[in-house]
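Quick note: the coordinates plus some simple rules give every number you see, no bench work behind them. These figures come from a predicted structure and were not determined experimentally. As a convention, Cβ positions derive from the backbone with ideal geometry for all residues, glycine included, and neighbour counts pool all protein chains shown.
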Amino acid sequence: MPIPYAELPFIVKEWIVAHPYQTAFQVVNGVVFFTPAVATVPIFGALGFWATGPAPGMAASGWMSWLGTVAPGSLYATMQSAAMGGYGASIVAGTTQAGAVASSVLGFVWGRGT
């Protein structure tokens, strides 16, 4: 079946109108996939993982004091490294992108019945 290119904008618009939440979900996942920092920077900042180090009085500093000595390559070290733009940044970005893809696939599968 050939694609009716002249009618394609109208077909897409009809689908968006019929599925507004699924469309918004897919758009947000697309933004997170192509710019993972949009999601990770505010979350890390709210947890206290700042570019200057763990923020005093926040979850990151509490976690660090609970840990005592932070092991290199640990989850904490990776998260702080990501906030500071080090080796953890690519790990966190890749994990965030994988999460966006997985949630898009789940959203697609879940929305197929409607």
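Taken over the range 1-23, residues that are more than 22 Å from VAL105 (Cα to Cα) and assigned to a helix (DSSP H, G or I) amount to 6.
A residue that is at negative phi, without any contact (Cβ under 8 Å) to a residue 60 or more places away in the chain and in contact with a Gly (Cβ under 8 Å, 6 or more places away or on another chain) can be found somewhere in the range 69-77.
For the range 67-114, which positions are more than 22 Å from the chain's Cα centre (by Cα), part of a loop (DSSP other than H, G, I, E, B) and closer than 28 Å to THR52 by Cβ? Once the filter is applied, which keeps residues that are more than 22 Å from the chain's Cα centre (by Cα), part of a loop (DSSP other than H, G, I, E, B) and closer than 28 Å to THR52 by Cβ, the range 67-114 yields GLY68, THR69, VAL70, ALA71, PRO72. Residues in the range 24-66 that are in a loop (DSSP other than H, G, I, E, B) and under 10 Å from the mean Cα position of the chain (by Cα): THR35, PRO36.
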